[in-house]
Amino acid sequence: MYPDRAVLIGFQEQENLGIGYLAAMLRDNGFQVKVLDFREKPERLYYEIKSVSPLFVGFSVIFQYYVQRFSSLLAYLRERNINCHFTAGGHYPSLRPEELLNIVQQLDSVVRFEGEYTLMELATKLSRGQNWKKTPGIAYRQDSRIVTTQLPRLVDDLDVLPFPMRTTVPITCLDKKCATIIASRGCLRHCSFCSIRKFYEMPPGKIRRLRSPKNVVREMKILHEEGDFNIFFFQDDDFPLVGKVGRRWIANFIKELDNQGLTDELLWKISCRPDEVDYSLFKQMREAGLFLVYLGIESGNDFGLRILNKGLTVDQHFKAVDILKGLSIIYDFGFMLFDPSSTFDSVRENLKFLQKLCGDGSSPAAFCKMIPYAATDIEEQLLKENRLKGNVYSRDYDFLDARLNSYYSFLKEIFGEWMFTNTGLLNKLKWSRYETAIIEKYYPGVSDLSLHKAAIRNLVVASNETYFTVAEELVNFFLKSDVLSSQAILTEFQHLVLNQQQCLTVSLLEAIKSFYVYNGFVTKGTRPQPDRCEELRQQFAMPGET
Ligand code: B12
Ligand code: SF4
């Protein structure tokens with residue numbers, strides 16, 4: 001008997017831990033699993049699936065706005081006679097299985113919420129030719145109806161899960177391999193724009209669960225010793241830090257890193273809320289390898305924070321950032337600038353806030369518009385107000401001031417490449433900062449690091465300043481002018497941003513190049529971060545690199 005084969009397809013940028021967990025579970029239960037990247041061409045995916053001839057294909061639909069693209073892929077595969085069972089999982093499929101099954105007619109089932117045990121049971125039933133429709137935790141089409149089965153409990157003890165299977169080529173930062181990892185699942189907060197709470201509160205069981213520090217450190221140790229990974233990006237919704245339980249967890253985690261001799265070996269990043277940043281705690285964490293913190297800031301005015309139901313104040317944002325600056329821990333942050341309550345005044349207020357927060361170049365600022373994801377309070381609110389627009393994969397709303405719609409669209413257009421692409425200036429600035437932390441830790445004694453840091457910081461200042469100034473000037477412009485008849489001025493803004501983006505990018509690459517060459521990194525064949533690597537290579541031969 002040959003083992004059953006399964007294919008899992010998902011968005012694999014920075015790995016996909018959900019798929020990693022599912023693949024490990026299937027593997028440990030005797031399945032042969034192939035993991036494919038959703039970003040591959042459909043022809044390639046078809047070819048790979050065909051060559052495996054699997055029992056089923058599982059699609060990880062973790063981003064709601066990818067539903068249409070998944071739908072086209074499934075139609076493409078079915079047209080080419082891939083006839084095995086198609087299932088899907090992730091936030092949107094779990095929360096809105098009826099909608100998804102109606103949109104994607106090629107799907108046979110949806111696995112809802114945490115997928116490890118449900119998928120295993122579904123797979124086993126498929127393999128044995130049993131009635132898979134009896135599997136708890138799924139949804140499927142029955143004639144024109146959608147049937148959902150009883151939801152099983154969330155995984156009580158995360159330590160019993162196998163470590164995620166790693167299938168993608170790791171991201172590297174300089175010559176250090178990076179891995180993503182998760183120490184907890186679920187979040188107890190109720191932010192109005194976020195689907196996390198809904199995802200974990202619907203099934204029975206405890207919403208928030210922590211892996212034991214020992215279990216987490218064991219995974220890190222294996223990845224470090226067997227896979228040569230040094231940098232860990234914790235993807236937890238809310239890293240365990242709060243209350244007695246959180247404090248105990250982090251203390252034990254730090255102790256365990258030390259016991260395993262990893263403190264001097266590793267760097268790690270976490271995401272948390274600003275009200276969780278505490279000086280003495282973060283000092284200890286920094287000593288244990290914490291180098292980067294992603295803060296969920298989201299709004300720079302107290303009214304906006306109330307709309308988002310963040311349970312935070314602007315003062316808490318400043319306090320958190322001051323602590324991180326004081327400890328020289330790099331920080332990035334999520335910021336929306338636009339939400340359904342936005343006005344030109346709130347945009348101005350947010351820009352002022354950003355100027356105060358990071359006008360010093362401590363972090364590259366960006367903006368985005370809150371998207372009303374399925375099952376969030378914001379979605380419900382907009383529905384009530386009759387403001388919900390678009391379809392499930394392009395949910396949207398108009399601002400109450402129509403001029404703000406044009407303002408937002410224009411800002412998004414001119415800063416599109418700068419802020420929203422992996423090769424854009426913002427991403428380059430971010431990774432250049434991470435590289436300095438790596439140099440500091442792993443290459444002590446490199447000369448002029450502080451000068452290099454200052455050069456990058458100045459470029460972040462310039463990037464932020466351009467964004468704030470242009471955004472502010474455009475506020476005045478969109479408030480006062482008949483925009484459509486002022487196309488020439490808008491084109492000027494567009495050119496200005498484009499020019500500035502090019503200038504800053506060139507300056508950044510120059511700064512990096514001269515610093516690396518001066519310090520002999522290039523001649524040692526050490527790699528800069530991949531998405532910058534290509535450009536650097538084109539400009540400059542890197543001896544020793546393959
Ligand atoms: C890491 C992460 C990323 C990474 C990459 C993710 C990846 N490749 O996996 C990066 C940084 C690239 C990213 C980017 C974005 N992200 Co993100 N991200 C996350 C985060 C924090 C963790 C994902 C994770 O590892 N979870 C842990 C695993 C174990 O859980 P899981 O993925 O849910 O998988 C389980 C189940 O869902 C289920 N399951 C999942 N897939 C499948 C498939 C099958 C077949 C089955 C049976 C089951 C199943 O079983 C899994 C195991 O139990 C989540 C929040 C979260 N907690 O999930 C947001 C999240 C997924 N991101 C989100 C968003 C909005 C974005 C961005 C749009 C943000 C932005 N404004 O730019 C971008 C979009 C990227 C793009 N280019 O299109 C939203 C999605 C909301 C939605 N409903 O669509 C989330 C939920 C955050 C939130 N608070 O709302 N993200
Ligand atoms: S935004 Fe962060 S803190 Fe708020 S509910 Fe979502 S995961 Fe929790």
Residue hits (region 166-200; part of a loop (DSSP other than H, G, I, E, B), away from ligand 2 (no atom under 16 Å from the Cβ) and under 19 Å from the mean Cα position of the chain (by Cα)) are R166, T167, T168, V169, P170
Of all helices (runs of 4 or more DSSP H) fully inside region 399-462, the set with 2 or more residues that are out of contact with any Asp or Glu (no Cβ under 8 Å at 6 or more places or on another chain) and within 20 Å of S507 (Cα to Cα) is 416-420, 425-442
Of the listed residues (T118, T148), the one being over 24 Å from E379 (Cα atoms) and among the hydroxyl-bearing types (S, T, Y) is T118
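Condition check ((1) in contact with a strand residue (DSSP E or B) (Cβ under 7 Å, 6 or more places away or on another chain); (2) in a helix (DSSP H, G or I)) across all residues:
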{"position": "I270", "(1), (2)": "yes, no"}
{"position": "K283", "(1), (2)": "no, yes"}
{"position": "F291", "(1), (2)": "yes, no"}
{"position": "Y294", "(1), (2)": "yes, no"}
{"position": "G300", "(1), (2)": "no, no"}
{"position": "G304", "(1), (2)": "no, yes"}
{"position": "K310", "(1), (2)": "yes, no"}
{"position": "H317", "(1), (2)": "yes, yes"}
- prompt: In this structure, is F233 surrounded by 19 or more Cβ atoms within 10 Å (Cβ to Cβ) and either within 14 Å of ligand 2 (Cβ to nearest atom) or not in a helix (DSSP H, G or I) (or both)?
  reply: yes
With the first residue restricted to region 80-102 and required to be assigned by TED's automatic domain parsing to the domain that holds E48 and of a type in the set (S, T, N, Q), and the second required to be within 11 Å of ligand 1 (Cβ to nearest atom) and not in a strand (DSSP E or B), Cβ contacts under 8 Å at 6 or more apart or on different chains are T87/L107; T87/L119; T87/L122; S94/R112; S94/F113; S94/F199
*asked:* If I filter region 369-377 for residues that are outside the structural domain of F468 (by TED's automatic domain parsing), surrounded by 15 or more Cβ atoms within 10 Å (Cβ to Cβ) and part of a helix (DSSP H, G or I), do I get at least one hit?
replied: yes
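For every residue, the table says whether it meets (1) buried (at least 22 other Cβ atoms within 10 Å of the Cβ); (2) more than 16 Å from ligand 1 (Cβ to nearest atom).
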| position | (1), (2) |
| --- | --- |
| A288 | no, yes |
| G300 | yes, yes |
| G304 | yes, yes |
| V321 | yes, yes |
| G326 | no, yes |
| G334 | no, no |
Taking region 450-468 and keeping only residues that are of a type in the set (A, V, I, L, M) and more than 29 Å from the chain's Cα centre (by Cα), one is left with L451
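The values are calculated or read from the model by the stated rules, or taken from the named source; none is laboratory data. Computed from a predicted model, the values in this text were never measured in an experiment. Glycine gets a Cβ as well: all are built from the backbone with ideal geometry, and neighbour counts include every protein chain shown.
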